[in-house]
1. Could you list all residues from the stretch 112-123 that are of a type in the set (A, V, I, L, M, F, W, C) and modelled with pLDDT of 95 or more?
2. Starting from the stretch 1-13, keep only residues that are more than 17 Å from M41 (Cβ to Cβ), then list their pairs with residues that are aliphatic (A, V, I, L, M) and crowded, with 23+ Cβ neighbours inside 10 Å whose Cβ atoms are within a distance under 7 Å, requiring at least 6 positions of separation or different chains.
3. Restricting attention to the stretch 91-111, which residues are outside any loop (DSSP other than H, G, I, E, B) and either out of contact with any helix residue (DSSP H, G or I) (no Cβ under 6 Å at 6 or more places or on another chain) or modelled with pLDDT under 95 (or both)?
4. Take the conditions modelled with pLDDT of 95 or more, among the acidic types (D, E) and open to solvent by 80 Å² or more (accessible area, probe 1.4 Å) and apply them to E141. Does it pass?
5. Only residues that are under 13 Å from the mean Cα position of the chain (by Cα) and open to solvent by 40 Å² or more (accessible area, probe 1.4 Å): list them for the stretch 72-108, please.
6. I need every pair where a residue in the stretch 22-36 that is more than 14 Å from E115 (Cβ to Cβ) has its Cβ under 7 Å from the Cβ of a residue that is surrounded by 15 or more Cβ atoms within 10 Å (Cβ to Cβ) and among the polar types (S, T, N, Q), sequence separation at least 6 or different chains.
7. Quick one: which residue in I60, I33, I52 is under 13 Å from the mean Cα position of the chain (by Cα) and open to solvent by 60 Å² or more (accessible area, probe 1.4 Å)?
Amino acid sequence: MTVIGYAPGAYDLFHIGHLNILRHARENCDYLIAGVVSDEMLLRAKGKLPVIPLAERLEIVRSIRFVDDVHAEVVPDKLDTWQQVRFDVLFKGDDWRGTPKGDKLERDFAAVGVEVKYFPYTMHTSSTILRKALTAIDAEEPVGRVARALTS
């Protein structure tokens, strides 16, 4: 039997943490589908739009060698996504483990026979940290940055 894995995420500002999740997921299934959350769903869930638009995030994730297929997530409920995609195991970062969202995910998917498997969250890099760094860089005066670079 072929084990189909599903690894959902925003995959915005793609970084090593994203790559780690996809690599670990592929090691634990025969066929990996990466669910890329749509701009609208990210706005609804997190209150902000991604930096990279959906079409570009889909293309980036599709190009990763560990990924066999991509799916644009355009509905808020992962069970609705499961109805469309039909996977056997769902992969998440372990920052979800033991949280109300993670517990609900586990209960919902246990009811349809899908395992939720967690992988270590990459603490030193996240899209949130990258977004904050970009905001801080953007807030600096361009002339000040150039002047500092020339005098360093």
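1. V112, V114, V116
2. If the second residue must be aliphatic (A, V, I, L, M) and crowded, with 23+ Cβ neighbours inside 10 Å, the pairs left are G5/A25; G5/L32.
3. Answer for the stretch 91-111, where residues must be outside any loop (DSSP other than H, G, I, E, B) and either out of contact with any helix residue (DSSP H, G or I) (no Cβ under 6 Å at 6 or more places or on another chain) or modelled with pLDDT under 95 (or both): K92, G93, P100, K101, G102, D103, K104, L105, E106, R107, F109, A110.
4. Considered against the rule, which asks whether it is modelled with pLDDT of 95 or more, among the acidic types (D, E) and open to solvent by 80 Å² or more (accessible area, probe 1.4 Å), E141 comes out as no.
5. Residues satisfying the conditions are D94, D95, W96.
6. If the second residue must be surrounded by 15 or more Cβ atoms within 10 Å (Cβ to Cβ) and among the polar types (S, T, N, Q), the pairs left are G35/T81.
7. I60
The values are calculated or read from the model by the stated rules, or taken from the named source; none is laboratory data. Nothing here was measured: the structure is a model prediction, and the numbers come from that model. All Cβ positions, glycine included, derive from the backbone under ideal geometry; neighbour counts span all protein chains shown. Keep in mind that these areas ignore ligands, DNA and RNA; they rest on the heavy atoms of the full protein, side chains included. Shrake-Rupley method; radii C 1.70, N 1.55, O 1.52, S 1.80 Å.
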